[in-house]
1. In whole angstrom, note down how far apart the Cα centers of the stretch 91-109 and the stretch 18-67 are.
2. When all C-alpha to C-alpha distances in the chain are sorted into bins of 5 Å, what percent of pairs does each bin hold, rounded to whole numbers?
3. Using Cα-Cα distances under 8 Å and only pairs 6 or more residues apart, what relative contact order does the chain have, in percent?
4. Among 59/139; 63/98; 59/119; 52/139, which pairs are too far apart, with a Cα-Cα distance over 20 Å?
5. Taking the Kirkwood radius as the inverse of the mean 1/r across Cα pairs, report the Rg/Rh of the stretch 2-60.
6. Among all stretches of the chain without exposed trypsin sites (Lys or Arg not before Pro) (DSSP loop, at most 14 other Cβ atoms within 10 Å), which one is longest?
7. With a cut-off of at most 13 other beta carbons within 10 Å, and DSSP calling the residue loop, which chymotrypsin sites (Phe, Trp or Tyr not before Pro) in the stretch 5-106 qualify? Please list them.
8. If each residue's Cβ is checked for other Cβ atoms within 10 Å, how do 26, 1 rank with the fewest at the top?
Amino acid sequence: MIIIRLIGESFRFASDALRQNKLRTMLSLLGITIGIFTIIFVFSAVDSLRAKLQESIDKLGSKTVFIQKWPWGGFGDYPWWKYVNRPEPSLRDHALLKDRLEYAEGVSYEIYANERTVKYRSNSVEGAGIRAASQDFNKTWNLDFQEG
């Protein structure tokens, strides 16, 4: 019986305090609401970024290794002149890897040509990027080709 009386008295005390300090009550509720929405927004943004990153990794394949002269994600703190001294992967490297990697599902070689003019009959496109790849390209990239 004492517990019920204490709980009732606590609710009366809280409701009296809320009635007497309406501005403080509204500002507290506003702060709590803004905080909850901020937390929801941050979690949604992080989840969206994680999903986009996972989608990009899935497109490459989780068991795919790329060997190239330049890094994908920028240079960071590593001096760029050390990248310049790296050799370009060659067709000979591709052949060696293909022969020596017994358990590899596919080994492909790619060549990029950026900012080129592509012409076909009377049509042309300027500033196009061109990628030529070896036969196992579809095994190293998870791409769905419709035709061609």
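1. 43 Å
2. The distribution over the chain is 1, 6, 8, 10, 11, 11, 9, 6, 5, 4, 4, 4, 4, 4, 5, 5, 2, 1, 0, given as percents.
3. Numbers: 85 pairs, mean separation 26.2, N = 148.
This gives 18 percent for the chain.
4. Numbers: 59/139 11 Å; 63/98 16 Å; 59/119 30 Å; 52/139 22 Å.
With Cα atoms farther than 20 Å apart: 59/119; 52/139.
5. Numbers: Rg = 21.8 Å, Rh = 15.3 Å.
Looking at the stretch 2-60, the ratio lands at 1.43.
6. Working: sites that count: 63, 69, 121.
Free of exposed loop sites, the longest segment is 1-62.
7. Here the chymotrypsin sites (Phe, Trp or Tyr not before Pro) that fit, given the DSSP loop and packing criteria, are 66, 72, 75, 103.
8. Working: 26 11, 1 5.
Least crowded to most crowded, the residues run 1, 26.
Quick note: the coordinates plus some simple rules give every number you see, no bench work behind them. Just so we're clear, the structure is a prediction, and the values are computed from it rather than from any experiment. Ideal geometry is used to build each Cβ from the backbone, glycine not excepted, and the neighbour counts take in all protein chains shown.
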